[in-house]
Structures are given as C-alpha cells and as structure tokens.
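Accompanying notes for the structure given below.
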Amino acid sequence: MNKLLKRSITGTLFVALIICSILWNRYIFIFVFLIINILCLEEFYKLVKSKDILPQKHLGIFIGAILFLSFAFASINLIPIKFLLLNLVLCSLVFIIELYSKSKNPFLNIAYTFLGIIYIVFPFALMNFFFNPGFIYNYSTYIFLLGFFVIIWVNDTFAYIFGNLFGKHKLFSRISPGKTWEGTFGGGIFAIVAAYLISYFYSEIFWYNWIVIALIIVIFGTFGDLIESLLKRSLNKKDSGRILPGHGGLLDRFDSVFGSAPPVFIYIILIS
C-alpha cells in the first residue's frame, strides 16, 4: 500500500477514535484513554529499556492506570478530590520493590519508571477536567476538550504543510532536522484562526482566552514534539513504536498533548 495512503487511513481512523470517544460520553472517553495510557506506557518502557535501564514496567503501568482513573473519577465527582493523594502511597512501592531487585542501577530504574508516569499519564489525567473547564459543580461539556484537540491537529497539519512548502530555516536542527520556523509560524497562524472559530461554539470562554490557549498549544506543543524527539535521539531510535502504520508509535502522535495539556490546564484554572 502507498505510504501516503497508509498514513492517511491510519490518521483518519486515529482522529475518528479520539472524536468519537469525546462525543459519545465521558465514560467512553475514560475507557479509550485508559487503554491509550496503558499502550503509551508499554511503548515508553520498551523504548527506554536496555542493559543498563530496567524500569518497573508492570508496576509503572498499574500505577499509571490507577492515577488516570482516580483523576477521571474525581473529575466526575465519584470520589473526593483529596483521594488523589493516595497515589503518593502507590508511588512509594516503586522504591520498595527496587530494594529487592538487586539491580545494578536501582535509581536509574526508579527514575525511568516515574518518568513514564509523569511524562505520559499526568497530562492525560488532567484532560479529564477539560470536560468541565470552569470547574462548575455537576457541569460537563465536550466542546472544550474537542476544541483542544482540534487546535493541536490544525497546528500539526499546517506546520507540516508550510514546512514542506516554504521551510528553509531550521527550528532546532540538532534535535529535529525536519522542523522549520516557517512551518511553526504557519501552524501557529491557523491554530489561532481555529481557536477564534471555536470560540463561537463555546462562548463561556472568551475569544481572546481561546487565542491564548492556542498560543500555549503552539508553543508548548512544539516543545513537547522536540522533547519526544530528544528522547528518541538520546536512545538512537527513529520512531517510538510501530503500532500506527505510516505514523510510528503512539508517543509520536501524542507528543504535543504531553507538552500542552498541563499549561492549558493551569491557564483554565487561572481564568476560572
């Protein structure tokens, strides 16, 4: 199959899955992203594993799943938000188990185990609160979360198009030789336009706040992409995995989310 066709089909199905999980209901979103969390962590631990690095994969995936679910249940008022502190108790198990592992590099293993959780699960977990960006009791809407993803996709798509058509000046050649300033600015302009249009569908957040959110996504999403490229380069890997034909791994598809979800969450709190 033609590589471009394979990439297009995979990308369409991937976007359709995300959109359907958001539009269907919050429980479907929680289920879909719980699976995505598990697959991303599996991919991450496989990526970093070597003779010197032996992360606690199974425990890391278990803690990641509990962390994501606890945030999800707190966001829909199924559990008190203070219960999130119990995740700290789970995290202590990583240190305790490493005591008995007889590993040559115990703290390196601990570090990479936690890195997977912090890097992947925490941003996904925060997105559960995007259904209620104003933190209003018993309120829920899919539009903000959908808008968040639409801005990311618009930014990525037009950055790719502008980079291919007009890219001459490298953004960060040491880390990602394919990224250019022209692509970054092109993606950013269309992301701002998309944010302004989204403001008509979700007027609870003023249009200028949507534009700020778009800028946050463009800036931190780009850094998220570069950080994931830095991770792969440091490990001498081209792709994070092969689960998505024509696209590589799941980490490659969510790198912008990992970078932008936490600062967008913080901005929502500040304007609420």
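Every number here is computed from the coordinates shown, using simple stated rules; none is lab data. Bear in mind that the values here come from a model prediction, so they are computed numbers and not experimental data. Counting neighbours? That spans all protein chains shown, and the Cβs are built from the backbone with ideal geometry, glycine included.
Some observations on this one:
- P(r) of the chain over all Cα-Cα pairs, binned every 10 Å from zero, in whole percent: 7, 27, 35, 23, 8, 1
- Length-normalised contact order of the chain in % [C-alpha pairs under 8 Å, at least 6 apart]: 20
- Ranked list, fewest to most other Cβ atoms within 10 Å of each Cβ, for ARG233, ARG174, ARG253: ARG174, ARG233, ARG253
- Mean projected area in nm² (Cα convex hull; one quarter of hull surface) for the stretch 1-157: 11.3
- Summed residue charge, Cβ within 12 Å of THR222's Cβ, Lys/Arg positive, Asp/Glu negative: -3
- Take every pair of alpha-carbon atoms less than 8 Å apart whose residues are at least six positions apart; their mean separation over the length of the stretch 156-213 yields a relative contact order of 29 percent.
- Pairs over the 28 Å Cα-Cα cut-off, from the set LYS51/LYS168; LYS57/LYS102; LYS51/LYS82; LYS82/LYS232; LYS57/LYS238; LYS179/LYS237: LYS51/LYS168; LYS51/LYS82; LYS82/LYS232.
- Signed unit charges on C-beta, dipole axis of the stretch 1-77, positive-most listed residue VAL32, ASN77, ILE63: VAL32
- According to the calculation over all Cα-Cα pairs in the stretch 1-73, the P(r) per 10 Å bin from zero is 17, 34, 31, 17, 1 %.
- Put in order of Cβ neighbour count within 10 Å, fewest first, the listed residues LYS232, LYS104 become LYS104, LYS232.
- Listing TYR100, TYR142 from fewest to most neighbouring C-beta atoms within 10 Å gives TYR100, TYR142.
- Listed residue (VAL212, GLY188, CYS91) projecting farthest to the positive dipole end of the chain, Cβ model: CYS91
- Relative contact order computed over the stretch 119-272 (Cα-Cα under 8 Å; 6+ residues apart), in percent: 25
- Per-residue Karplus couplings for the stretch 224-239, computed as 6.51 cos²θ - 1.76 cosθ + 1.60 with θ equal to phi - 60°, are listed in order as x, 4, 5, 5, 5, 5, 4, 4, 5, 5, 5, 9, 6, 10, 7, 10 Hz, Gly and Pro entered as x.
- Helical runs assigned H by DSSP (4 residues or longer) give the chain a calculated mean residue ellipticity at 222 nm of -23500 deg cm²/dmol, each run adding -39500 (n - 2.57) before division by the residue total.
- Three-way shape label, the stretch 81-226, alpha-carbon gyration tensor, a/c 1.5: oblate
- Surface/4 estimate of mean projected area, convex hull on alpha-carbon atoms of the stretch 157-272, nm²: 8.0
- Neighbourhood net charge (15 Å Cβ-Cβ; Lys/Arg +1, Asp/Glu -1) for ASN109: +4
- Nonlocal amide H pairs with PHE172, under 5 Å, H built at 1.01 Å: LYS179
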